[in-house]
Ligand code: TYM
């Protein structure tokens, strides 16, 4: 039986990387699986700088993003992580069997620490343990994520194995489901992934303009799903390119153009070799103009649905409440089994 779980942090508006790296796969999987649960991981979101005054709104924006992108409440549960308390209860239990050395060596931990050095706290270190609990509390075995999350999936498997060996067979192995081109890079620096997480700022000392606004229009490295057509055109126009002027795919020679070709390919469905043929003899500017229209056209139906949903907060809330009730029942049954095996019940 295939059971799918995935989540995204509400640390800014969702961007094309989140869509192409994760959500695109969710939509395909929800039709084919026995259980699909998609979460706004709001407890993960508070491990990096955030603004308490804006946070509730950010969570609801991501819920709208999920629904507008095609998460179907008849096929999948759509939940806020903090509303299903069994996630954090299981994370605590996992904390007691996870060596610290499994966590402080993770590249994701080092990266986040470099971005926000003041945020060197337990939550950041422990982040992947909560993620393992998110997945295993539903006995999920398939997790659609971008490539950057692979170390976390490996860790979830290590924790599951250790639990099984200490307390008896409970959890099955978890597999990641990566989308092709699962790493979409920044439009300003093709050496870095497209990312919404604000840098440096501390929510308690932050003031406007110091980074908490990242994830909003004005950030040229990211195309957000809710960007206006003109914002999209401008961002693509400003996107860095490589030396030379030919449009072809080669990640070493042409990292920036290859990233743009990946986006073109994934949103239009055109094969990469056909895109290369179409732009032979043409300029980067020709290619970028057309790419902008592909992105604008792709996001139009998404944005129409998003605006429609925004006018219906009661409907959106009713989906969340129903999903969270069902999720609590599923999670409660795993937690009971875990506690019984550990002599806690
Ligand atoms: P987060 O919020 O950083 O990213 C959410 C999803 O988007 C993917 N992604 C990308 N894919 C391709 N290119 C990019 N530039 C890009 N940026 C982000 C990520 O791979 C991810 O799939 N730890 C997770 C959230 C989480 C989770 C979970 C995921 C918490 N619990 C349980 C799966 C299962 C995270 O930080 O995602």
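A short reminder: the numbers here are calculations on the coordinates, not readings from a lab. What you see is a predicted model, and the numbers here were worked out from it, not measured in a lab. Quick reminder, even Gly has a Cβ in these numbers, built from the backbone with ideal geometry, and neighbours come from all protein chains shown.
For this structure, a couple of remarks:
- In degrees, nearest ten, helix 229-238 long axis to first principal axis of the chain (Cα): 70
- Pairs of Cα atoms farther than 24 Å apart, region 1-129, %: 35
- For residue 101 and residue 183, the FRET efficiency from 1/(1 + (r/R0)^6), where r spans their Cβ atoms and R0 equals 22 Å, is about 0.25.
- With Cα atoms, 0 to 90° folded angle of helix 86-95 axis to the chain main axis: 80
- Between the Cα long axis of helix 255-268 and the first principal axis of the chain there is an angle of about 80°, rounded to the nearest 10.
- Mean separation of Cα contacts under 8 Å (6+ apart) over length of region 229-305, as relative contact order %: 36
- Gaussian network model of the chain, Cα within-10 Å springs - most flexible of 90, 106, 225: 106
- Per residue, the average separation of C-alpha pairs within less than 8 Å and at least 6 apart gives region 115-203 a relative contact order of 33 percent.
- When you restrict to C-alpha pairs under 8 Å that are six or more residues apart and normalise by the size of the chain, the relative contact order lands at 23 percent.
- Region 1-36 residues near the modelled residue 310 label - backbone nitrogen below 19 Å, point 7 Å along Cα→Cβ: 10-16, 19
- Peptide ranges 36-43, 114-121 listed from the most packed, as the mean C-beta count within 10 angstrom indicates: 36-43, 114-121
- Cβ-based exposure ranking for 233, 105, in which fewest neighbours within 10 Å come first: 105, 233
- D (Stokes-Einstein, µm²/s), Kirkwood Cα radius, region 229-305, 1.002 mPa s at 20 °C: 169
- With R₀ fixed at 51 Å, the C-beta to C-beta distance from residue 286 to residue 170 puts the FRET efficiency at about 0.35.
- Distance between region 297-311 and region 26-64 - C-alpha centres, whole angstrom: 18
- Calculated [222 nm] ellipticity per residue, helices only, for the chain: -16000 deg cm²/dmol; basis is -39500 (n - 2.57) per DSSP H run with n ≥ 4, divided by all residues, nearest 500.
- Between residue 321 and residue 274, the modelled labels are 4.7 nm apart [label points 7 Å from Cα along Cα→Cβ].
- By the equivalent-ellipsoid construction on the alpha carbon gyration tensor, the chain comes out with semi-axes of 35, 21, 21 Å, ordered largest to smallest.
- Pairwise FRET efficiency - residue 162 versus residue 118, Cβ, R0 = 41 Å, nearest 0.05: 0.80
- Top of 289, 141, 312 by mean-square fluctuation, Gaussian network on the chain, Cα under 10 Å: 312
- Just checking the listed ones, 221, 101, 140: in the Gaussian network model of the chain with Cα springs under 10 Å, the one fluctuating most is 101.
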